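These notes are about the structure you will find just below.
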Amino acid sequence: MNTVTDVITQPAFPAITGQRDTMAVTKLDTPLEKTVGNPFVEKPRMTCRDVFVHYGESCAIKDVSIDVAGNEVLAMIGPSGCGKSTFLRCLNRMNDTVSSCRVSGEIRLDDMNIYDASVDVVPLRARVGMVFQKPNPFPKSIYDNIAYGPKIHGLTRNKAELDEVVETSLKKAGLWTEVKDRLAEPGTGLSGGQQQRLCIARAIAVSPEVILMDEPCSALDPIATAKIEELIAELRTQYSIVIVTHAMQQASRVSQRTAYFHLGNLVEVGATEHIFTNPKHRLTEDYITGRFG
């Protein structure tokens with residue numbers, strides 16, 4: 001886990017104290033008293049309340065509460081080591097794979113507490129899919145990359161239905177016309193941008209409700225990045241999407257709401273336009289104007 005060691009000149013949470021005094025900050029040992037803005041929405045798809053994440057004795061996420069709305073892109077921004085990717089992985093229990101990680105609080109998908117002991121993470125991760133920073137197609141054919149999930153989850157009854165799922169998923173990912181004549185070829189033989197769209201198609205194939213994206217364009221060139229951003233805008237009409245990005249211009253282009261994290265605290269949440277043009281918290285303003293980060 002990354003730790004913050006640099007001393008940063010910051011305000012002492014002016015939105016809470018009402019002051020503009022500055023102080024040298026290396027870490028925040030206590031949670032932020034209150035997130036600025038409105039982290040909650042009507043009819044949320046996912047709800048997170050009082051979430052803490054510890055790696056051993058180190059607290060990476062401090063008392064975060066936020067909703068994920070239906071049919072929106074929620075962007076999570078903040079400096080390296082601020083906890084945004086750690087929090088993203090909480091949303092489909094990917095942190096379960098880290099032995100030292102401990103998650104407390106409540107995260108619900110619809111009415112299901114995803115951290116309840118009775119929850120099977122395999123179907124959970126079908127409902128809350130994940131697209132990683134680096135494209136990671138299976139060492140299988142393009143067809144089998146998409147067909148794998150529907151097969152293991154029993155979502156299709158025959159080859160014709162499976163063919164339809166593969167075609168539909170590739171069309172939604174904007175990849176069908178590029179690969180329809182080479183479905184038997186290895187997915188690893190595609191370009192980087194095509195591989196990432198293949199991974200998105202693979203996530204779509206199991207009919208998720210939420211798609212998590214952890215810096216999905218950081219390894220891609222500008223042209224491939226533009227295609228992924230166009231795809232995100234299209235997918236938003238059918239899915240809820242949560243994206244972690246270091247590219248603030250990307251966050252401003254693709255998201256409807258933005259959440260700013262700082263040293264494990266959720267500092268501010270609001271409409272993306274307002275976050276980037278009129279942030280309420282000085283820490284948010286300092287980050288988006290390049291004073292630190």
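The values are calculated or read from the model by the stated rules, or taken from the named source; none is laboratory data. All values derive from a computational prediction rather than experimental measurement. So basically every Cβ, Gly included, is an ideal-geometry build from the backbone, and we count neighbours across all protein chains shown.
Values computed for the structure shown
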quantity	calculated
Checklist (1) among the polar types (S, T, N, Q); (2) crowded, with 20+ Cβ neighbours inside 10 Å; (3) within 21 Å of ILE204 (Cα to Cα) applied to ASN158, failing item	(2)
Selection count where residues are aliphatic (A, V, I, L, M), surrounded by fewer than 23 Cβ atoms within 10 Å (Cβ to Cβ) and in contact with a strand residue (DSSP E or B) (Cβ under 7 Å, 6 or more places away or on another chain), scope segment 243-293	2
One residue from SER240, SER218, SER141 being surrounded by fewer than 21 Cβ atoms within 10 Å (Cβ to Cβ) and within 28 Å of SER85 (Cα to Cα)	SER218
Residue among THR237, THR168, THR188 that alone is within 26 Å of VAL122 (Cα to Cα) and part of a loop (DSSP other than H, G, I, E, B)	THR237
Residue satisfying condition, being surrounded by 20 or more Cβ atoms within 10 Å (Cβ to Cβ), in contact with a helix residue (DSSP H, G or I) (Cβ under 7 Å, 6 or more places away or on another chain) and touching a residue at least 12 places away in the same chain (Cβ under 8 Å), within set VAL128, VAL68, VAL51	VAL51
Residues satisfying the stated conditions in segment 80-104, i.e. farther than 11 Å from ILE61 by Cα and not hydrophobic (A, V, I, L, M, F, W, C)	SER80, ARG89, ASN92, ARG93, ASN95, ASP96, THR97, SER99, SER100
Residue tally, condition over 12 Å from the mean Cα position of the chain (by Cα) and at pLDDT 95 or above, over segment 73-93	4
